[in-house]
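Accompanying notes for the structure given below.
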Amino acid sequence: MTKPTLATVWLDGCSGCHMSFIDMDERLLEIAERADIVYSPLVDTKVYPDHVDLCLVEGAVSSEDDLRKIKLIRERTGTLISFGDCAITANVPGMRNPIGVQPLLERAYLENVTLNPGAPTEVVPALLPMALPVHRVVKVDVFLPGCPPSADLIHQSLVDLLEGRTPDTRGARFGR
Amino acid sequence: MTTVHTFRINGSDVAGTDGQSILAVATENGIDIPTMCHLDGLSDTGSCRLCVVEVAGSSKLTPACTTLVSEGMDVSTTSEQLCGYRRTIIEMLFLERNHICAVCVANNHCDLQNLAEELKLDHFELPVIAPKVGIDASHALFAIDHNRCIMCVRCVRVCDEVEGAHTWDVMGSGIGVRVVTDMGTPWGESTSCTSCGKCVQVCPTGALFEKGRSIGEGSKERRPFLPYLKNQAQEPELT
Ligand code: SF4
Ligand code: SF4
């Protein structure tokens, strides 16, 4: 029997959720034994595979690039997991939401700079009007709150999912 | 003479005296009803609606904190419908302002955050509003971040009922509702505020806080035990 496949994705977040993932320490070996990690900032693959069983998504959907990625990921993923507060509520990336894109870019690239003022128009993807929770854009199957979710919670949830159970996220909460 | 009313909560027989609320009798009998705006020692306003219960014979949900007990009542506190409503209320409290627990002075010392965990709220179904909401940091010692205010009006009540200053009031309605100091003047210019800090102590969230504390310090952590409220709560009912 082939192993289930696991992916982790990093959208608009600080990578803290991925740091917490790494904090699983030696339990990472156990996870690697039970699942193939096929796509992640932690591995080399550049293209999201055609089918992935489990995918942890860190971060809010903030740019056109995030939007394109998450739609593709949703199509190709069995169980999609909103991984951490930014994915679930937009959290810190969402702090820009009440400000609006234009005033935000002006503040960052015009008002506070002396060298080459001007918002970037090439290479970096355009911002969406609001940083959005993942489930406002695509269907999400499981939510793992926390900023970041603890390594224990990630481990327990992955084990539950790999064994076909709905994860028990008791004790998880926003912030912390 | 006190009249005793016998009635039922969740099928168990309980008794309360004239003038007691459903919430008070439930608490006495170890029946847990989630609350938010209620605080022992302050008057009840029923503003947060978290303690809503069902009373047989009435199609309306009724807040347990402001509904007085009566003979033969049949109260239910735990139906699926009630749990659903409570979760929606918490969702709305979160989404009507901007709550970002990870960078909030009240992180891990917040009644709203605790309740979300208790009711197993792991995401919000309602859309993001992200309103533009202000902060008033004009007071020398304290500040209010309206982004975190849930309009429980504990600050309004403690200032009026315990401190006797009545600095705080409520202005506006609907989603534009705000607590204000001295009829809408900046807190720092308030002539009625005594700087006692009671509002900061009773605030269940990160809306009211002491200045000069970092988020990491968790300014709400050392929330005092509110001795003045304990005394109030124990005072016999004046009739
Ligand atoms: S007030 Fe409470 S719920 Fe709101 S952001 Fe702060 S910790 Fe979170
Ligand atoms: S400032 Fe705090 S105590 Fe006052 S209404 Fe808002 S949440 Fe309640």
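Since every read-out is calculated from the coordinates, none of them should be taken as a lab result. In this text, all values refer to a predicted model and were calculated from it rather than measured experimentally. Every residue, glycine as well, gets a Cβ built from its backbone with ideal geometry; the counts of neighbours run over all protein chains shown.
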Burial ordering of A:Asp23, B:Asp44, B:Asp13, fewest other beta-carbon atoms within 10 Å first: B:Asp13, A:Asp23, B:Asp44
Just to confirm a number: summing +1 for Lys and Arg and -1 for Asp and Glu over residues other than A:Glu26 whose beta-carbon lies under 15 angstrom from that of A:Glu26, what do you get? -3
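Run the helix sum for chain B: -39,500 (n - 2.57) per DSSP H stretch of 4+ residues, divided by residue count, reported at 222 nm to the nearest 500 deg cm²/dmol.
Values: 6 runs with 49 residues, N = 239.
Dividing the helical sum by the residues of chain B leaves -5500 deg cm²/dmol.
Which FRET efficiency value, to the nearest 0.05, do you get for B:Lys211 and A:His51 by plugging their Cβ-Cβ distance into 1/(1 + (r/R0)^6) with R0 = 60 Å?
Details: r = 54 Å, r/R0 = 0.90.
It comes out at approximately 0.65.
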Extending each Cα 7 Å along its Cβ direction at A:Glu111 and A:Asp168, get the distance between those two points in nm, one decimal. 5.0 nm
What is the sum of charges around A:Val124, taking Lys and Arg as +1, Asp and Glu as -1, for the other residues whose C-beta is under 11 Å from the C-beta of A:Val124? -3
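Of A:Val43, A:Val159, how do they rank once you tally other Cβ atoms within 10 Å and put the fewest first?
Numbers: A:Val43 12, A:Val159 15.
In order of increasing Cβ crowding within 10 Å: A:Val43, A:Val159.
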Rounded to the nearest 5, what is the percent of antiparallel bridges among the DSSP beta bridges in the protein assembly as shown? 55 percent
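For B:Glu118 and B:Ser173, what does the FRET efficiency come to when R0 = 41 Å and r is the distance between their Cβ atoms, rounded to the nearest 0.05?
On the way: r = 29 Å, r/R0 = 0.71.
Efficiency computed from Cβ-Cβ geometry: 0.90.
Rounded, prolate or oblate, given the Cα gyration tensor of chain A, with a/c below 1.5 counting as rounded? Kindly include the intermediate steps, with their values, before the conclusion.
On the way: a/c = 2.16, a/b = 1.81, b/c = 1.20.
Prolate, since a/c reaches 1.5 and a/b exceeds b/c.
What is chain B's relative contact order, in percent, from Cα pairs under 8 angstrom and six or more apart in sequence?
Averaging sequence separation for qualifying contacts and normalising by length gives 19 percent for chain B.
What are the semi-axes of the equivalent ellipsoid for chain B, taken as the square roots of 5 times the Cα gyration tensor eigenvalues, largest first, in whole Å? Show your work: numbers first, answer last.
Numbers: eigenvalues 203, 100, 48 Å².
After scaling each eigenvalue by five and taking roots: 32, 22, 16 Å.
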Specify whether the C-alpha gyration tensor of the stretch B:96-148 places it in the rounded, prolate or oblate class, a ≥ b ≥ c being the square roots of the eigenvalues: rounded for a/c under 1.5, otherwise prolate if a/b is larger than b/c and oblate if not. oblate
With a Förster distance of 41 angstrom and the Cβ-Cβ distance between B:Thr185 and A:Val124, calculated FRET efficiency to the nearest 0.05 equals 0.40
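So if I average 1/r over every pair of distinct C-alpha atoms in the protein assembly as shown and take the inverse, what Kirkwood radius in Å does that give?
Numbers: mean 1/r = 0.0417 Å⁻¹.
Mean inverse Cα-Cα distance, inverted, gives 24.0 Å.
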